[in-house]
Amino acid sequence: MKVVGVNGSPRLIGNTSAAMRSLMDELEKQGFETEHLQIYDEAMTPCNSCLSCRLRGDGRCINEDDRFNDYLDSLYEADAIVLASPVYYGSVTAQMKVLMERAGLCSRYAGNRLSRKVGAALVVQGRKGGLFTHSELVNFMLESQMIVCPSSGTAVLTASGPKDLEDDEENIRLIKDLAKELAWLLGRLKS
């Protein structure tokens, strides 16, 4: 089974990327194939609600000027999708918002191609805003009719500096718990 993780941080090397890498490592140890998408350097065009995806009906965006359709193909091929975002001004990053808007419409008008995939949210906050950001990611998954993976605590990690993530036992526990719950849920759905 394949888990695709999307890092919505505009930083290639940062706490969100480190958290996603740790989560993917845990899943690989349990035998899952993983793919880690870094959308940090992609200048994706925002959705303008042209609804060409509705006319096409093939699950792709008419805008071929960026790599969005490549990302979308990875999401469609996945059994589970983890969306990760740092908190930027109390919300998901602009990169993640663009991906969610375009993916949501393209999927919806192609027979809800994201439905029944397992989804999980992972958020890194400096001090606040994590719960709202987590809710945004989960709401996207619910709107897409995905199966949202629970964990023992909301996967909102707190880290401001470069070593904060790995030096905090609670952060590490939350990552391991999310990996454990994802593996359990995927195993249940497979059987």
State yes or no: is D58 of a type in the set (D, E, K, R), surrounded by fewer than 16 Cβ atoms within 10 Å (Cβ to Cβ) and more than 14 Å from R102 (Cα to Cα)? no
Segment 105-134, residues that are within 21 Å of T16 (Cβ to Cβ) and part of a helix (DSSP H, G or I): G130, L131, F132, T133, H134
Criterion first (under 30 Å from S160 (Cβ atoms) and assigned to a helix (DSSP H, G or I)) does L99 satisfy it? yes
With the first residue restricted to segment 14-34 and required to be among the acidic types (D, E), and the second required to be outside any strand (DSSP E or B) and buried (at least 22 other Cβ atoms within 10 Å of the Cβ), Cβ contacts under 9 Å at 6 or more apart or on different chains are D25/A179; E26/I175; E26/L178; E26/A179; E26/L182; E33/L27
Give segment 1-53 a look and list any residue that's of a type outside the set (V, I, T), touching a Phe, Trp or Tyr at 6+ places or on another chain (Cβ under 9 Å) and assigned to a strand (DSSP E or B), or say none. K2, N7, L37
Restricting segment 168-191 to residues that are aliphatic (A, V, I, L, M) and farther than 16 Å from S152 by Cβ, the one surrounded by the fewest Cβ atoms within 10 Å (Cβ to Cβ) turns out to be L189
Give me the pairs: first residue in segment 74-95 and among the charged types (D, E, K, R), second residue part of a loop (DSSP other than H, G, I, E, B), beta-carbon distance under 7 Å, and six or more apart or on different chains, which are they? D79/M1; D79/K117
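Just so you know, all these numbers are worked out from the coordinates, no wet-lab data involved. None of the values given here were measured: they were computed from a predicted structure. With ideal geometry, Cβ positions are generated from the backbone for all residues, glycine too; neighbour counts draw on all protein chains shown.
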